[in-house]
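Laboratory data are not the source of any read-out in this text; all were calculated from the coordinates shown. Source: prediction; values computed, not measured. Virtual Cβ from ideal backbone geometry, glycine too; neighbours counted across all protein chains shown.
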Amino acid sequence: MDASRIFADLGILELAGAGDVEVRSPISGEVIGRVASQAASDVDAALAHSHAAFLKWRDVPAPRRGELVRLLGERLREHKRALGSLVSLETGKILQEGLGEVQEMIDICDFAVGLSRQLYGLTIASERPGHRMAESWHPMGVCAIISAFNFPVAVWSWNAALALVCGDSVVWKPSEKTPLTALAVQRLMVDALATFGDAPEGLVSLVIGGRDVGAKLVADPRTAIVSATGSTEMGRAVGVAVAQRFGRAILELGGNNGGIVTPSADRELALRAILFSAVGTAGQRCTSLRRLFVHESVYDDTVSRLKQLYAKVPIGNPLDAGTLMGPLIDAQASERMQAALQRAQAEGGKVTGGQRISVDGQPNGYYVEPALVEMPGQSEIVLKETFAPILYIMKYRDFDEAIAANNGASHGLSSCVFTTDLREAERFVSASGSDCGIANVNIGPSGAEIGGAFGGEKETGGGRESGSDAWKGYMRRATNTVNYSTALPLAQGIDFKLD
Ligand code: NAD
């Protein structure tokens, strides 16, 4: 696929041509574009404009704000193929998943447009006569979005679509590994803003750069909300910096997601779901399945069927029809995968697959076989998130033991159980079941829909984005008590009168 044709279609040909940052496609390792990184003064200017834009945008009626998001959704529909192809080119995910990522952006735009007429507060019964109590939801300020390489555009849209209808302004710092998709989306946003007509200047901006640029956004008190997606290591730094100035952080960090296969599971369905969750996106989803607990009575059969399926996975150029697994993002990801597999072996694991392979003779494309690792238990490496297609498989005897093992990781993003036993299913999603932000029954842990709130507990950071009432994270709540009587009764019946 010709990168410059995609750039031309997305209107970023001139933007993707010059600058100090080389962008390489993981498909071949070749440079596909160059972009300019921003200096500290540019970040400062972006924040100043963004804050000024917020002061105007917060007074625009929310349904009118929704119109801007509707226009963005239209542009995304128009350019879905080109943007989805660019996502594949820049991240190495297969075209189906690249297109799916853009569809997710369209879906959240639709959701946010509806939401722009539903930013409801509660009316609360007051204990005092002649008083009315209510909650109002107000815009917060500048929302800085820091995103990871593996969902280079969808994560921005989950945040930006909500933030914009909630009356916030947006500054985006994409991953330094995927700036081209960000430029393309910003370009579509600029078109939407032009059609919208009277949005304040600087309402939606983009700053390109690495962690220094991110850290500057995070530390600045003009940034009211920091929504940061990436590794737990990044979240530790960002979380502390935001907390120090009492800002608001939405942290969407790593995952080490588990799944349980019970004796009553529909095995064919489970195998398909496991394959998609563990191998899809070459194991580079935050929700990828990494730890599988299989009941001892079905263990041998499940493992041997998985080995057969793994051997058949078509690995290759992610833009070719039929490919189900593309390359890892870069050399470092490949080295980390090999190091994890060696460590697993040292900890008693039996590895099947996991070798680096050559595709189309590309020396700088990091293609690997997905790995299945039979482990005696949850050793140190099993409890670590390795961002690669490694699935650790362990036996269990008792369902409580399997739930405890699922919850034994320090992350708490996603989880699933395969069962046709109602008691097991309900137990898994109950208060004493999975401790994750996402707990599924008879589907894998990855591939969430936008309608639900997305995020996880523990070292996943506790943030929620996307659907349900995640919008509340982008607004401030005011409790209003209005006295329309002529008396002044105090709450709790307190008597406070001068004689
Ligand atoms: P990363 O942590 O290396 O980088 C993510 C982003 O954070 C980048 O834009 C980077 O420049 C920025 N960054 C890093 N350190 C920073 C700092 N100190 N201050 C400010 N910004 C900083 O992650 P990655 O390799 O791009 O992505 C993979 C990781 O992201 C995995 O751990 C994965 O599980 C996680 N992830 C989580 C979710 C989720 O929703 N929970 C979604 C996608 C990816």
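Points worth noting:
- Stretching the chain fully between residue 22 and residue 357 yields a gain of 118.1 nm (0.36 nm per residue, less the alpha carbon separation).
- Structure-based [θ]222 nm, the chain - -39500 (n - 2.57) summed over DSSP H runs of at least 4, per residue, nearest 500: -12000 deg cm²/dmol
- The chain: antiparallel DSSP beta bridges as a percent of all, rounded to 5: 35
- Calculated FRET efficiency for the pair residue 472/residue 133, C-beta based, R₀ 22 Å, to 0.05: 0.75
- Pairs from the list 80/177; 307/384; 312/350; 177/395; 177/312; 307/458 with a Cα-Cα gap above 28 Å: 177/395; 177/312; 307/458.
- Sparsely packed loop sites in segment 1-69 (the GluC sites (Glu not before Pro) outside DSSP H, G, I, E and B with at most 10 other Cβ atoms within 10 Å) comprise 14.
- Here r is the Cβ-Cβ distance between residue 342 and residue 190 and R0 is 51 Å; the resulting FRET efficiency, rounded to 0.05, is 0.60.
- Packing-based ranking of 413-425, 252-264 yields 252-264, 413-425, ordered from highest to lowest mean Cβ neighbour count within 10 Å.
- Sites residue 211 and residue 311 - FRET efficiency at Förster radius 30 Å, r taken between beta-carbons, to 0.05: 0.15
- Where the alpha-carbon atoms of segment 332-400 are placed on the principal axes, they occupy 47, 18, 17 Å, in descending order.
- Counting only alpha carbon atoms, the long axis of helix 80-91 and the longest principal axis of the chain meet at about 60°.
- Helix axis angle, 95-115 relative to the chain longest principal axis, alpha carbon, degrees: 20
- Net charge, residue 296 excluded, C-beta distance under 14 Å - Lys, Arg +1, Asp, Glu -1: -3
- Viscosity 0.890 mPa s, 25 °C: Kirkwood-radius Stokes-Einstein D of the chain over Cα pairs, µm²/s: 102
- Qualifying GluC sites (Glu not before Pro) in segment 174-239, where qualification requires a DSSP coil assignment and no more than 16 other C-beta atoms within 10 Å, comprise 201.
- Counting DSSP beta bridges with both ends in segment 257-441, the antiparallel % (nearest 5): 20
- Relative to the dominant Cα principal axis of the chain, helix 267-279 is inclined by about 80°.
- Radius of gyration (Cα atoms) of segment 243-389, expressed as a multiple of 2.2 N^0.38 Å: 1.13.
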